[in-house]
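For reference, the structure discussed in these notes is given below.
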Protein chains: 4
Amino acid sequence: MKTARLETFSDGVFAIAATLLILEVHRAGGSVAHGLVHAWPSYVAYAISFLTIGIIWVNHHTVMQQIDRVDRTFLFINVVFLMIVAFTPYPTRVLAETLRDGSKPAAFAYGLTFTLMAISYGAMWFYAARGRRLIAPDADQRVVSGISRSFAPGSIIYGAATLSSLVSAYLAVALYGAIALFYVLESSLFGRDG
Amino acid sequence: MKTARLETFSDGVFAIAATLLILEVHRAGGSVAHGLVHAWPSYVAYAISFLTIGIIWVNHHTVMQQIDRVDRTFLFINVVFLMIVAFTPYPTRVLAETLRDGSKPAAFAYGLTFTLMAISYGAMWFYAARGRRLIAPDADQRVVSGISRSFAPGSIIYGAATLSSLVSAYLAVALYGAIALFYVLESSLFGRDG
Amino acid sequence: MKTARLETFSDGVFAIAATLLILEVHRAGGSVAHGLVHAWPSYVAYAISFLTIGIIWVNHHTVMQQIDRVDRTFLFINVVFLMIVAFTPYPTRVLAETLRDGSKPAAFAYGLTFTLMAISYGAMWFYAARGRRLIAPDADQRVVSGISRSFAPGSIIYGAATLSSLVSAYLAVALYGAIALFYVLESSLFGRDG
Amino acid sequence: MKTARLETFSDGVFAIAATLLILEVHRAGGSVAHGLVHAWPSYVAYAISFLTIGIIWVNHHTVMQQIDRVDRTFLFINVVFLMIVAFTPYPTRVLAETLRDGSKPAAFAYGLTFTLMAISYGAMWFYAARGRRLIAPDADQRVVSGISRSFAPGSIIYGAATLSSLVSAYLAVALYGAIALFYVLESSLFGRDG
């Protein structure tokens, strides 16, 4: 199977999931002005989720460019990965609804989604890259190794941020936002070589 | 009419239908933690439907690669097939809302949608493949026959799982999940030759 | 401006509008089985709207293949046309909610949307085709004339069906369905030459 | 990074955001006929937002055609820009719900979204165009300068219209509509050279 078909499938899911996020944003009660201002948790959750999906979209292309063909194990991991990406609007909504109360379970579920996303994304890459199993013959080993190095800490960083929600929902959300901002800068840099 | 236009139409519907599924997932009542955990029927329904649409997407490309041109009967069957694919989020929502109660009608309606999808999908293929009516001249007959063999049991398997909902909703949902998993592995294998 | 950019814009709107229709389908009250069966007005409205958008999608490509370039008037008409296509889920929902009561205003609003769609679609085509203003130099005049002949009655047929809603909502909906079925067959035939 | 990947990402977000707008349109209370007619604020908000996103879509392609490559700063601005575009359905809904009451905060928030969109869009262009930083070597300087001239007043025009909401919500909405209509004509003209 050619990777182009997989990329089309994935691109569609990324774009739709990111744009659906806004359907979960609702103004708060009270006057119109009050409701617009006090919906800030929705805006925060929207921005973090949108940035995160946007980053994954860009990186997914860079990853797929190194890959020559896919086998059934790779395809299976990719479908599970996309299922988690498309799941994002749900924990985003729960976070938006409960962030004002500092709900730790909501912040935990939100981070858990990103952690599982990072794990399945990393699994997909390392399955392809181990022994250059699915890597294109002409792919530069330095680029391949560079991608591996940038993937390695992802799951651990998201896992740690998720655990921080047990201390404080606000701390965890601040970390999720910081990670997204870091990856916007990182992945852009990374994208330059792609 | 070229098949490329049909594939673009179909791809859009597959990606959007799969990603819209998450809008039907809602947390249950009670505390945030309780509501997140007790929304498990939504997660189950989401995962089965997402996997099923993902499988169909991949297979649709493999099928279309064997086909050279389409006529009006093929086009009509394909539109009906897509109408059923795009219908999926509705029975998925009903199943998610009622699975905790073991609602047999919901499990039946969910399976019926997949059965009708399998019938229209099979009808589309066998219409194209009979006497190689719409098959590309250079398509390998072994691949064509292989696709026919893999399609033949689809409607019967989904029909049987749907009927099992008359005994138990849980049994039926377990079967729907097992079929999706089987096809993820099967279709990937199948996709390797595509 | 090249037509490819316009087709991409249009294709996205068609696919998304058709697939969003299912979000407007809700089961009726009472038991699960009762609610599923008595949601039939939603299923009818869904099927007619899905088929109608599917037909327009296919035809739009055939039309655009005859066109070489677009100017600002053509672009303006196309944006208005797409705005009406993307509007479809709203009257579809209203029809689904009120069809059981035979609501004439809902059936009228539904048909009015299709009538306006047919008028803006026809206006777009006749603007391009008059004196072969935007027609590709190598386009066959017989195909161009054939498209013109098939477009001419569209607005009148939809207008008449819309007016029939003043007599009976059921009559009007039966006519909308019959028109969609007719165009599925017609446009497929038509598509064969495309 | 090639601009093609960025355009695909952007196109998906534009098409989905525009088509999602209809989910925010709801009929008003009372009889069906009354509810359909009195939902006019929803129709007005829908039309202005749809036209505005449609215009941006067309212009985005023209802009990207002048650009040869993107760097991380450009990518970051583009992601923020898309985040604002995808945000549009939310202030559109709030405007639709409150326009009958002439709510100034809703009209302000709606215009503020467009102002921020214009600022981020302009920032993206001027970052690329300054000293022809990211401009393709073969891009005509007259076209580049023409785009710069057409972008320059955008943020100021939207900002002024937004401020007018402090006087009257109706005035502001009339201005937003007038700006959209102006850009449909302007951008089409502009697109002709693209």
Q. Residues in the stretch A:68-82: is at least one assigned to a helix (DSSP H, G or I), open to solvent by less than 30 Å² (accessible area, probe 1.4 Å) and either among the small types (G, A, S) or free of Cβ contacts under 8 Å to residues at least 40 places away in the same chain (or both)?
A. yes
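So, of the residues in the stretch C:138-154 that are assigned to a loop (DSSP other than H, G, I, E, B) and of a type in the set (D, E, K, R), which turns out to be surrounded by the most Cβ atoms within 10 Å (Cβ to Cβ)? Give the steps one after another, and end with the answer.
Here is the first cut: in the stretch C:138-154, the ones assigned to a loop (DSSP other than H, G, I, E, B) are C:138-140, C:152-153.
Among the residues that remain, those that are also of a type in the set (D, E, K, R) are: C:138, C:140.
Numbers: C:D138: 7, C:D140: 12.
Restricting to residues being assigned to a loop (DSSP other than H, G, I, E, B) and of a type in the set (D, E, K, R), the top hit is C:D140.
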Q: Return yes or no: is D:I157 closer than 25 Å to D:G12 by Cβ and buried (at least 17 other Cβ atoms within 10 Å of the Cβ)?
A: no
Q: Restrict the check to the stretch B:157-169 and report whether at least one residue is part of a strand (DSSP E or B) and more than 30 Å from C:S49 (Cα to Cα).
A: no
Q) Only one of (1) within 26 Å of A:I147 (Cβ to Cβ); (2) open to solvent by 20 Å² or more (accessible area, probe 1.4 Å) is not met by A:M64, so which one is it? A) (2)
Q: Report, by residue number, each residue of the stretch C:27-44 that is at the interface with another protein chain (Cβ under 8 Å from one of its Cβ atoms) and in a loop (DSSP other than H, G, I, E, B).
A: C:R27, C:S31
(Q) Conditions first: (1) more than 10 Å from chain B (Cβ to nearest Cβ); (2) of a type outside the set (V, I, T); (3) open to solvent by less than 20 Å² (accessible area, probe 1.4 Å). C:A18 passes all but one, so which condition is the exception? (A) (1)
Q) With A:L95, A:L175, A:L116 as the choices, which residue is open to solvent by 70 Å² or more (accessible area, probe 1.4 Å) and of a type outside the set (D, E)? A) A:L116
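Which one of C:I135, C:I156 is within 26 Å of C:V44 (Cα to Cα) and either over 20 Å from the mean Cα position of the chain (by Cα) or without any contact (Cβ under 8 Å) to a residue 24 or more places away in the chain (or both)?
Selected residue: C:I156, the only one of C:I135, C:I156 that is within 26 Å of C:V44 (Cα to Cα) and either over 20 Å from the mean Cα position of the chain (by Cα) or without any contact (Cβ under 8 Å) to a residue 24 or more places away in the chain (or both).
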Q. B:A47: more than 14 Å from chain C (Cβ to nearest Cβ) and either without any contact (Cβ under 8 Å) to a residue 60 or more places away in the chain or of a type in the set (D, E) (or both), yes or no?
A. no
Q. What tally of residues in the stretch D:92-118 results from selecting those that are more than 9 Å from chain A (Cβ to nearest Cβ) and either part of a loop (DSSP other than H, G, I, E, B) or hydrophobic (A, V, I, L, M, F, W, C) (or both)?
A. 10
Q. Only one of (1) touching a residue at least 24 places away in the same chain (Cβ under 8 Å); (2) open to solvent by 20 Å² or more (accessible area, probe 1.4 Å) fails for A:T88. Which number is that?
A. (2)
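Every residue, every condition in (1) farther than 21 Å from B:D101 by Cα; (2) surrounded by 18 or more Cβ atoms within 10 Å (Cβ to Cβ); (3) without any contact (Cβ under 8 Å) to a residue 40 or more places away in the chain, yes or no:
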{"position": "B:F9", "(1), (2), (3)": "yes, yes, no"}
{"position": "B:F14", "(1), (2), (3)": "yes, yes, no"}
{"position": "B:V25", "(1), (2), (3)": "no, yes, no"}
{"position": "B:G30", "(1), (2), (3)": "no, no, yes"}
{"position": "B:V37", "(1), (2), (3)": "no, no, yes"}
{"position": "B:S42", "(1), (2), (3)": "no, yes, no"}
(Q) Every residue in the stretch D:122-137 that is within 14 Å of D:Q66 (Cβ to Cβ), in a helix (DSSP H, G or I) and open to solvent by less than 40 Å² (accessible area, probe 1.4 Å), please. (A) D:M124, D:W125, D:A128, D:A129
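Is it the case that some residue within the stretch B:76-91 is within 12 Å of chain C (Cβ to nearest Cβ) and in contact with an Asp or Glu (Cβ under 9 Å, 6 or more places away or on another chain)? Quick ask: steps written out before the conclusion?
From the stretch B:76-91, those within 12 Å of chain C (Cβ to nearest Cβ) are B:76-91; that's our starting set.
Keeping just the survivors that are in contact with an Asp or Glu (Cβ under 9 Å, 6 or more places away or on another chain) gives B:89-90.
Scanning the stretch B:76-91 turns up at least one residue that is within 12 Å of chain C (Cβ to nearest Cβ) and in contact with an Asp or Glu (Cβ under 9 Å, 6 or more places away or on another chain).
The values are calculated or read from the model by the stated rules, or taken from the named source; none is laboratory data. Since the model is a prediction, treat every value here as computed from it, not as a measurement. Note that we place each Cβ from the backbone using ideal geometry, even for glycine, and neighbour counts take in every protein chain shown. Just the protein is used for accessible areas: all its heavy atoms, side chains included, with ligands, DNA and RNA removed. Shrake-Rupley method; radii C 1.70, N 1.55, O 1.52, S 1.80 Å.
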